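Participant: For reference, the structure I am asking about is given below.
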């Protein structure tokens, strides 16, 4: 990100990267990460690797689908949830461990 001029993103291994940059005497780069507020912060990616791969493969926005499900769920009326899912080409099904959403491509979202 530093080399290509892209925005510096928070990541899981910020501290390790800063430590490695310091060890390699790349203090300017390490300081850029510190200035971005990334030292000592534990972050977690929004998507797990499997979820990211599914999103890239299906072109279904996981966060957008979650918002649709949440809005329908908060209505406390099962038919509203089913209608909202149907309007977006999705359906609700019972999985092995609980309810799941089936998207337009037939993929399962738990």
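Participant: Before we move on, is residue 19 surrounded by 10 or more Cβ atoms within 10 Å (Cβ to Cβ) and under 23 Å from the mean Cα position of the chain (by Cα)?
Facilitator: The answer is no for residue 19.
Participant: Filter the range 47-97 down to the residues that are exposed (fewer than 11 other Cβ atoms within 10 Å of the Cβ) and more than 30 Å from residue 12 (Cα to Cα) and list them by number.
Facilitator: 74, 76, 79, 87, 93, 94, 96
Participant: Looking at (1) in contact with a helix residue (DSSP H, G or I) (Cβ under 7 Å, 6 or more places away or on another chain); (2) at pLDDT 85 or above, which is the only condition residue 82 fails?
Facilitator: Only one criterion in (1) in contact with a helix residue (DSSP H, G or I) (Cβ under 7 Å, 6 or more places away or on another chain); (2) at pLDDT 85 or above is unmet by residue 82, namely (1).
The values are calculated or read from the model by the stated rules, or taken from the named source; none is laboratory data. For clarity, every value in this text was computed on a predicted model and none was experimentally measured. Every residue, glycine as well, gets a Cβ built from its backbone with ideal geometry; the counts of neighbours run over all protein chains shown.
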